[in-house]
Amino acid sequence: MTFRALALAIALIGALSAGTVSAQDPSLPTGKPIVLKPKMKLVDIKGVLQFIGGVELRGTEVDAFLDTRKALVDVVETNTKGGKKDDDVITFDIRLDQANNLYQLMNRGTVKGAEAEKFKEIMTALQEAAKAAQPK
């Protein structure tokens, strides 16, 4: 794991909510990207897509948002076509930079009190996936 990747994992796990959403810098030598494997219900991934769609973006964040959203849309489409139901728990692949962007977007959104437990479950799933991806 490169120092930059480790720093991103620590940022994700450390629940930094003041950061900005950023695209992965392809000019940096990162080797093989770190892939997280969070576990969530399919319906929760659909809810996340709807939730992040309501977050206001800065112009510099558009590419990172679109990349992260596409990753989630692909997960939903693949699993829906594969016959998964909304209540099925799935494990999916998401690059560390996408997961970090998702985490930051989730932290910037506004959640109603009635949705707090679900929000916490989703954030915990991302954190646990980041912890599992760290070298032992």
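A few remarks follow.
- Region 33-129: mean projected area of Cα convex hull, nm²: 6.0
- Label-point gap, in nm, between residue 131 and residue 67 - each point 7 angstrom along Cα→Cβ: 2.7
- Local net charge near residue 92, Cβ-Cβ under 10 Å (Lys/Arg +1, Asp/Glu -1): 0
- Using a Förster distance of 22 Å, the FRET efficiency for residue 49-residue 120 (Cβ separation, nearest 0.05): 0.75
- Calculated from backbone phi, Karplus (6.51, -1.76, 1.60) coupling profile of region 107-120 in Hz, x at Gly/Pro: 5, 8, x, 9, 10, 7, x, 5, 9, 4, 5, 5, 4, 4
- Net charge contributed by nearby residues that have their C-beta within less than 12 Å of residue 37 (K/R +1, D/E -1): +1
- When 58, 108 are arranged by Cβ crowding within 10 Å, least crowded first, meaning fewest neighbours, the order is 58, 108.
Laboratory data are not the source of any read-out in this text; all were calculated from the coordinates shown. Because the structure is a prediction, the values reported are computed rather than measured. Virtual Cβ from ideal backbone geometry, glycine too; neighbours counted across all protein chains shown.
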